[in-house]
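Heads up: the structure comes next, in structure tokens.
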Amino acid sequence: MYVVRMCGKATHEEIIVVGGGVIGLSISIFLSRKGYRVMVIERNKVGCEASSKNAGLVVPAMYSPYPLSIDYIKVMRMMTSKASPVKISPVRMGCRWIRHILGNRRRLARDARWKSLRRKGREAIEIIRGLVREMDIDCRYREGSILEIYTDRDYLSEAVKHAEEVEADGLRIEILDGDELREIEPSLSTSVIGGLRYVYDASLDPQAYIAGLKKLAVEEGIKIIEGIEVLGFNEDSSVRVFSRKGVFESDYLVLANGPWIRDLLNRTGYDIMIHPARGYILTLKVKNSDTLKYSLMVEEAKVVALPLGGTIRLAGIMDFVGYDTRIPHGRLEKLLTRVYSQVPILKDLEIISMETAFRPCTPDELPVIGYLPGSDKVLVAGGHCRFGLTFSGLTGLLVSQLIAGEETVIDIGIFSPSRLMTGSNM
Ligand SMILES: Cc1cc2nc3c(=O)[nH]c(=O)nc-3n(C[C@H](O)[C@H](O)[C@H](O)COP(=O)(O)OP(=O)(O)OC[C@H]3O[C@@H](n4cnc5c(N)ncnc54)[C@H](O)[C@@H]3O)c2cc1C
């Protein structure tokens, strides 16, 4: 083993960020712009997990933590139904996880501080728009480009209620009937009775966005090391980060390695409730790049159709089944049938790939942003679940403000890691 002082002789404070996903890259750029020297350590290639495979929606207006929309009956249905877009395996997840979701339902209903994320939604979008403008890579960034569609009257009326709440938080959603929707997106079938248009929110190509962030980071002088897995760390006057290729030393350490934050913390005597939620990503080949004009959220199947020029990406569905990469073809087909009945044009397109990816989820669907209990050098930034891309820029800003000792733009007390932690180090 050898010790590497991160960037030669330390003249500035130095920070190691573990994980080159959208969260780690965004944090590194914000820290670098505050004058810190930053190194990102990624075990594989940057963005290789959910960060480049997601549905590409920057949608603070959709944000409402899932415990609020779940109750005992829904949980039972999700555990038993073969066609549910959300699956919870009690064997893989344990009863503690389900108890926590239901407990958080009660807590979040009383404590509206979670809305601070949605209320900062315009800023979350502006940050991403600003970063996209700096990139000389076409990320297909478009605002006002997302429609959420419904065939069921009860679901639609819940969505309309949500839209009204969101307006109060400073974002805008238009409510459209079926004909109005078909006028702007002719690919929709007559089974669609209505839906929403997200006016301020945006969509982009996640893979291009990651490539753009990587390029910006390199131009900033951020060191990105790929192919090194961080195996553990300890801290006293500095932080030491262990890997098979050696020991790295820095002043601060930010754990931004998605659902694997839990595995890394387990090795240092902590446990944190961040779990993987599997999603699916299908790539469809299109002849005509105009096949879809809008990105479509087919809410009843929890699938997004994202147009990407020569292809359309179908991404979504939430399975709490651990790190299982098997694709349940039968169930997927049932859910796709629902999608095709609303957007028939997709049915005839060739599926050229099928993948899985894991969202990093907490039982209250609030991210974890803050120092580990008892530490003033090691921070956690993750657990954004369905909204990691959406709040990535805002998270970068918050972490940089926290390390710089500045007032944060949101009171981050509600994101504290300690709310989800147990362990011998606590
Ligand atoms: C199907 C699907 C659709 C989605 N759609 C959207 C959407 O439309 N909008 C939205 O906002 N969000 C969406 N999300 C969620 C979003 O993709 C995630 O919240 C986000 O990518 C999480 O980013 P991250 O950087 O925290 O984690 P990740 O992307 O998982 O990155 C973590 C990185 O850490 C690396 N790593 C892990 N362990 C180590 C280690 N020990 N040492 C070094 N490196 C390590 C991994 O290789 C990985 O590259 C979607 C997710 C899925 C699966």
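Read-outs: derived from the displayed coordinates by stated rules, not from any lab. Since the structure is predicted, the reported quantities are computational estimates derived from the model, not experimental observations. Glycine also receives a Cβ, built like all others from the backbone with ideal geometry; neighbour counts cover every protein chain displayed.
Key figures for this structure:
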quantity: GNM result for the chain, Cα springs below 10 Å: residue of Val298, Val286, Val58 fluctuating most strongly; calculated: Val286
quantity: Among Gly396, Gly121, Gly322, residue whose mean-square fluctuation peaks in a GNM of the chain (springs only between Cα atoms under 10 Å); calculated: Gly322
quantity: Neighbourhood charge, 13 Å Cβ-Cβ cut-off, centred on Thr395 and excluding it, Lys, Arg +1 and Asp, Glu -1; calculated: 0
quantity: Sequence-distant lysines (8 or more away, or on other chains) whose Cα lies within less than 28 Å of Lys223; calculated: Lys9, Lys34, Lys45, Lys53, Lys214, Lys215, Lys245, Lys377
quantity: Taking all pairs of distinct alpha-carbon atoms in the chain, Kirkwood radius in angstrom; calculated: 22.0
quantity: Scaled radius of gyration (Cα, divided by 2.2 N^0.38 Å) that region 194-336 gives; calculated: 1.39
quantity: Span from the region 200-252 Cα centroid across to the region 378-426 one, whole angstrom; calculated: 16
